[in-house]
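One structure below.
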Amino acid sequence: MEFSDTDKQKAQTFIARLTANPALKTMSTLQREEQILQFLSLNAKQLYPTLSSDNFFKNWEWNNIWGILVSTLYEITNMELLPEFNEIIGQIDTTFFTLIEDRGITSDQSKEVLTKILLDGVNNEQVRRVLTGSYTAITTGIVRKYISEIYKRKKYIHFELTKVEKLRLSESDALHLMNTILLIKPLIYMYIPENTAVRNTANGHVFLSQFTKNVAATFVQKFPEIPQQIFYSGMNSSASFSDDHQLEASARMSNILASMSRNYKPGMAVDKGADTALKSWINVSRKNYKFYGYDLKMLDELYIIAADYGW
């Protein structure tokens, strides 16, 4: 259905009212978009009489109203999201790629390919919905502060990254690697055929590792400029460690970081004696680690870090 300029203006006015809600101010760009989509979906019956009236989209069916509101929401979000996303990508120093696997190209060339892959992904509706956790983990500084502590303490997670996965990276390079994997993680949704075996959880889907490895192989073949280990870690971060104990440490870690950050809102007040949001999430996840496919030892270490610093 073609939308007129008048229709688009009405949609912009309505969406602008929703985005102006003070309750959304503490949310990241994608968290806010997700909340509005949930609001529209859950309140469709109540909204339809108003939105199908003369003042908005007279006699339109709901699927057309939904279409114009969602496309308008994406346009409004993109005005803020795309500059932020480009800035995040711009801050990733891809010189560490050669420390993982030398693909025979310059850092600038690999950065250009990585940028194209990620920007294509952010415009994919399914990818966009699961990007929230990764995006929030990076923009709120969660990744940076936990990587810093992991490298300072040199315990289980550090051992798994450096000795088992054999990532001979400095703390700075490890941060760039984790941010890269987090951004690549949602791209698995660009290659999901119908009837794919998947387990639904509150923190997203958990796929069979054989499937995630097959998707990684597709990316490796399509984008030879990027070290294959990055694609495997990125895709395997959507698999379960409970089902496959050979998953890369970087995949296990990025899975936890993305999930714990999905609904995180910085600056939230904590009642006296109560756990912080991150500490509470980690504690609950330790009890349900098998269901979500997390590495329990990683959760234990992150819990101690969160407790020590009140994060």
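How much FRET efficiency would the formula 1/(1 + (r/R0)^6) give for S71 and K154, where r is the Cβ-Cβ distance and R0 is 45 Å, rounded to 0.05? Write out the running numbers ahead of the final one.
Values: r = 49 Å, r/R0 = 1.09.
Calculated transfer efficiency: 0.40.
Amide H to amide H, with H built 1.01 Å from N, L167 comes under 5 Å of T162, counting only residues 5 or more places away or on other chains.
What full-extension length gain, to one decimal in nm, is calculated for L18 and S170 as 0.36 nm per residue of separation minus the Cα-Cα distance? Display every interim value, and only then the final one.
Values: separation 152, 0.36 × 152 = 54.72 nm, distance 4.37 nm.
That pair, L18 and S170, stretches by 50.4 nm at full extension.
Scanning residues 5 or more positions from S52 or on other chains, those with amide H under 5 Å from its amide H are F57, with H placed 1.01 Å from N in the peptide plane.
In order along region 245-257, the phi-based Karplus estimate (6.51 cos²θ - 1.76 cosθ + 1.60, θ = phi - 60°) of 3J(HN,Hα) comes to 7, 9, 4, 4, 4, 5, 5, 4, 5, 5, 4, 5, 4 Hz; Gly and Pro are listed as x.
Sequence-ordered 3J(HN,Hα) estimates for region 62-78 from the Karplus curve with 6.51, -1.76 and 1.60 and θ = phi - 60° stand at 4, 4, 6, 5, 4, x, 6, 5, 5, 5, 5, 4, 4, 4, 5, 4, 4 Hz, glycine and proline given as x.
Listed values for region 150-159 are Karplus-derived 3J(HN,Hα) couplings in whole Hz (6.51 cos²θ - 1.76 cosθ + 1.60, θ = phi - 60°), namely 4, 6, 6, 7, 6, 10, 4, 4, 4, 4, and x replaces Gly and Pro.
Where only DSSP H runs of four or more residues are counted, the chain gives -19500 deg cm²/dmol as its mean residue ellipticity at 222 nm, each run worth -39500 (n - 2.57).
Distance between the 7 Å Cα→Cβ label points at K116 and Q38: 3.7 nm. The H on the amide N of E225, modeled in the peptide plane, is under 5 Å from the matching H of no residue at least 5 residues off or on a different chain. Peptide packing for 208-218, 44-54, 127-137 was compared via the average number of neighbouring C-beta atoms within 10 Å per residue; ordered from the highest value, the list is 127-137, 208-218, 44-54.
Each reported figure results from applying straightforward, stated rules to the coordinates on display, with no laboratory input. Because the structure is predicted, anything quoted here is derived from the model rather than measured. Here Cβ is always computed from backbone atoms with ideal geometry, including for glycine, and neighbour counts include all displayed protein chains.
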